[in-house]
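None of the figures in this text is laboratory data; all of them are computed from the coordinates on show. The structure displayed is predicted, hence computed values, not measured ones. Cβ placement follows ideal geometry from the backbone for every residue including glycine, while neighbour counts extend to all protein chains displayed.
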Amino acid sequence: MWGMSKYLPTIGLEVHAELCTKTKMFCDCPNNPNEKRANINVCPICLGHPGALPVINRKAIEMVIKIGFAVKGEINDNFKFDRKNYFYPDLPKGYQISQSDLPIVKGGIVDISSYLGYDRIIKVNRVHLEEDAGKLVHSVDKEGKDISLVNFNRGGLPLVEMVSEPDIHSAEEAVAYAKELQLILRYLGASTADLENGQMRADVNISISDNDNLGTKVEIKNLNSFNSIGNSINYEIKRQAEILSNDKNTKIIHETRGWDDIKQKTFSQRSKEEAQDYRYFPEPDLPPLTKDGFDIEGLSKSIPELPIEKRARFNKQYDLSPDQISILIEDKKMSDYFEQSLSELEADNQKKANLEKIKLIFNYLSSDLRGLLIIKGVGFDECKITPENFADLIDMIIKKEITSRVAKDLLVKILETGSDPRDIVSQEGLGQISDEAGLKDLVIKIIEENPKAVDDYRKGKIQVVMFLIGKTMAILKGRGNPDILKKLFKENI
């Protein structure tokens, strides 16, 4: 875990995610991250106009309670909102409504063992709710001068912050923790948690030490990709280790640093604020809350099957490798589609037959269909191919009614039209040709037209038969039965 360094890194993560509510945290402005026009979704409340009073978004609190259950945390009996005072251009009120000493959730755990290959659980300190800030846009004006503009559409969106204990000791563990939190948020439907769109961001706190005492903490702010999280941690560990190793009298500066993705290095931004610098005090315009005001039991029962639970079930239920299971778990909609498609195929008493169905569905789903959806820019919930039609396609492959080549072409057609695959096969005559008598004449013709390949085969280059089968398939437009063709070529060469 320590690698080649004599220093032990101690790392904590603060993961922020925008919640998928219809409106902002304290006003009725739309929560629309896809709005392209600047400063459209704003009002006197989220812009901090004098006299405008906030109203709590109940749905956001319910989402955070569900997140608390998902990480096995404790829902506080009493919680409240506080003012976190600091001045920055993207914060119109001059303070942020957040939570300090009484968050909604305290404690919890996140199991990251499946990412690492060894048992590892990261403890959660707290989960709290706050409002997001606006977004600074840096640009150049017509005269070529650098300018900064503020878009307040994001300002006031409900933002959940999940704070880990300083319980992480490597970049690998930190990335695994962030990935699992992203999956939990998505499975709950609480957030899209897209890092590339800024809907999930992470701050990393790092210190290193060669003894039992913690070192000086450095914070890296606003990391927006898993690569940035991992690379910034590794760089900062190396930077701090070099400082301590070169001069024992030199101390690490307690500061906030940024991450330069191009130069792949951290850079100093400002001295690190302490809690007292923010001058927290209870938000006077919002009442304190109790969990008795929420349907705690109902929220607990509404928690869906979580990633860790689905991994365990898939591992027990399906003959898939850990890597294959991870691919399915990473996309809840794809894993649901996988199981719906599998359920459409008739159960077979033969274990071997069932394993073939699982293998084929996974392969065509994770590779061919997913690849086509990525090209089209849509997800499995928007796919025109129903699980029933996808299962029919797999069934035709298993029964050798169509070839794999035809199956791939058929996928494209179904995705465009949403038609039944059997109807397309029937209408376009795409069924597999397995009649030996009908194929023999064509095989002999191919043999006569490719004397060099035939001579190579007779000299022991048996792989040449695949070249001959390919020639035949081109004429048959992929409809020939490859097993029959292979048999006929061997018999007639």
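Maximal additional length on extending the I303-R279 stretch stands at 5.0 nm, based on 0.36 nm per residue less the C-alpha distance.
Suppose R0 equals 41 Å; then what is the FRET efficiency for K217 and S367 from their Cβ-Cβ distance, rounded to the nearest 0.05?
Details: r = 44 Å, r/R0 = 1.08.
For K217 and S367, the calculated efficiency is 0.40.
Modelled spin-label separation between E356 and Q264, with each label point placed 7 Å from Cα along the Cα-to-Cβ direction: 4.8 nm. How much FRET efficiency would the formula 1/(1 + (r/R0)^6) give for K461 and D119, where r is the Cβ-Cβ distance and R0 is 56 Å, rounded to 0.05? It comes out at approximately 0.65.
Considering the convex hull of the alpha carbon atoms of segment 307-428, report its projected area averaged over all viewing directions, in nm², one decimal.
Working: hull surface 29.6 nm².
With the hull built on Cα positions only, its mean projection is 7.4 nm².
Placing pseudo-labels 7 Å out from each Cα toward the beta carbon at V378 and K22 gives an inter-label distance of 2.6 nm. Residue separation of H254 and D210 scaled by 0.36 nm, minus their Cα-Cα distance, works out to 14.1 nm of gained length. At full extension, K487 and K145 could sit 115.7 nm farther apart than now, given 0.36 nm per residue minus the alpha carbon distance. The alpha carbons of segment 436-492 occupy a box of 29, 19, 18 Å along the principal axes, longest dimension given first. Computed from the Cβ-Cβ distance with R0 of 45 Å, the FRET efficiency linking K238 to N39 stands at 0.60.
Students often forget the sequence filter, so: which lysines lie under 29 Å Cα-Cα from K445 once same-chain residues fewer than 8 apart are removed? Within the straight-line limit of under 29 Å, K445 reaches these lysines: K399, K400, K408, K459, K461, K471, K477, K486, K487, K490.
Tally Lys and Arg at +1 and Asp and Glu at -1 over the other residues with C-beta under 15 Å from the C-beta of I109: what net charge comes out? Taking every Cβ under 15 Å from that of I109, the sum is -3.
Model label points for D295 and N197, set 7 angstrom from Cα along the Cα-to-Cβ axis, are 2.8 nm apart.
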